[in-house]
Amino acid sequence: MLTLVVTRHGLTDRSHPEQHLGQTIDVPLNDAGRAQARALGRRLADVRFERVISSPLLRAQETAEILAAGAPVEPDPRLLEMDYGRWEGLTYAELERHYPAERAAWVRAPDVLACPGGESGFDVAERVGAFLVDLLQDHVRRHGSSDQEGEPVLVVAHSSTNRILVCLALGLPIREYRQRLVQGQANLTVLRFEHGDGPTD
């Protein structure tokens with residue numbers, strides 16, 4: 001049995017107004033974001049994590065380091081945010097103004113349509129799914145096939161990445177990740193995988 005604790009990084013100076021912040025604009029947390037991470041750290045202070053795994057981007061790494069409280073943080077590029085291509089850094093209002101048709105089509109089918117020059121939801125699902133498979137296999141290697149739970153694993157990543165990960169874990173359609181799920185900054189999502197459940201090869 002694996003307990004996976006998932007959170008999104010804290011606020012950055014690019015968080016307001018809401019925009020597509022993907023892989024190429026690599027910004028750290030701002031003071032508010034660091035305060036969010038510290039608050040979540042206090043909430044999780046009594047939880048001992050077996051592993052802390054993070055997206056390599058600064059905003060996620062910094063959040064993870066605050067939450068890990070001195071424990072090692074493992075960067076994993078499969079947890080990077082969606083590559084938004086030419087939409088990187090554009091606010092929603094700018095997208096509606098400059099790319100109205102493309103934006104409307106993508107909102108209807110973000111699973112199969114890639115952002116111009118970037119990734120689709122299925123592209124993200126492929127790498128996040130591989131991450132989950134490896135994580136579950138590692139858990140079995142560490143703890144065997146019994147019901148032994150072990151300590152939870154903490155993952156720190158991003159809004160779209162986390163929502164797609166949750167869709168995969170719950171068997172929800174990737175197309176619906178934007179409509180059905182929310183990942184606020186420094187939120188808390190807990191997933192439990194019974195032995196034999198979850199993504200497989």
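The values are calculated or read from the model by the stated rules, or taken from the named source; none is laboratory data. From a predicted model like this one, the values you see are computed outputs, not experimental measurements. Every residue, glycine among them, receives a Cβ derived from its backbone with ideal geometry; neighbour counts consider all protein chains shown. Each accessible area value is taken on the protein alone, full model and side chains, heavy atoms only, with ligands, DNA and RNA left out. Shrake-Rupley method; radii C 1.70, N 1.55, O 1.52, S 1.80 Å.
Quick notes on this one:
- Taking the stretch 98-111 as the range and being open to solvent by 40 Å² or more (accessible area, probe 1.4 Å) and in contact (Cβ under 8 Å) with a residue 40 or more places away in the chain as the test, only 107 passes.
Each row is one residue, and each column tells you yes or no for (1) in a helix (DSSP H, G or I); (2) of a type in the set (Gly, Ala, Ser); (3) crowded, with 19+ Cβ neighbours inside 10 Å.
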position: 24; (1), (2), (3): no, no, no
position: 42; (1), (2), (3): yes, no, no
position: 49; (1), (2), (3): no, no, no
position: 62; (1), (2), (3): yes, no, yes
position: 86; (1), (2), (3): yes, no, no
position: 89; (1), (2), (3): no, yes, no
position: 96; (1), (2), (3): yes, no, no
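- Hits in the stretch 64-84 - residues which are in a helix (DSSP H, G or I), within 16 Å of the chain's Cα centre (by Cα) and either of a type in the set (Gly, Ala, Ser) or more than 21 Å from residue 129 (Cβ to Cβ) (or both): 64, 65, 67
- Some residue of the stretch 72-87 being farther than 28 Å from residue 30 by Cα and touching a residue at least 24 places away in the same chain (Cβ under 8 Å): no
- Residue in the stretch 169-190 that is in contact (Cβ under 8 Å) with a residue 12 or more places away in the chain, under 17 Å from residue 3 (Cα atoms) and part of a strand (DSSP E or B) present: yes
- Residue that is least open to solvent (accessible area, probe 1.4 Å), among those in the stretch 112-126 that are of a type in the set (A, V, I, L, M, F, W, C) and closer than 12 Å to residue 175 by Cβ: 125
- Selected residue (criterion: modelled with the lowest pLDDT) from residues of the stretch 127-155 that are of a type in the set (Asp, Glu) and open to solvent by 40 Å² or more (accessible area, probe 1.4 Å): 147
- In the stretch 7-35, the residues that are within 18 Å of residue 87 (Cα to Cα) and free of Cβ contacts under 8 Å to residues at least 40 places away in the same chain reach residues that are open to solvent by less than 30 Å² (accessible area, probe 1.4 Å) and not in a loop (DSSP other than H, G, I, E, B) with C-beta atoms within less than 7 angstrom, at least six apart or across chains, in these pairs: 27/59.
- Given (1) touching a residue at least 60 places away in the same chain (Cβ under 8 Å); (2) over 11 Å from the mean Cα position of the chain (by Cα), index of the condition residue 166 fails: (2)
- Just so you know, in the stretch 148-165 the residues that are of a type in the set (S, T, N, Q) and touching a strand residue (DSSP E or B) at 6+ places or on another chain (Cβ under 7 Å) include one that is farthest from residue 54 (Cα to Cα), and it is 159.
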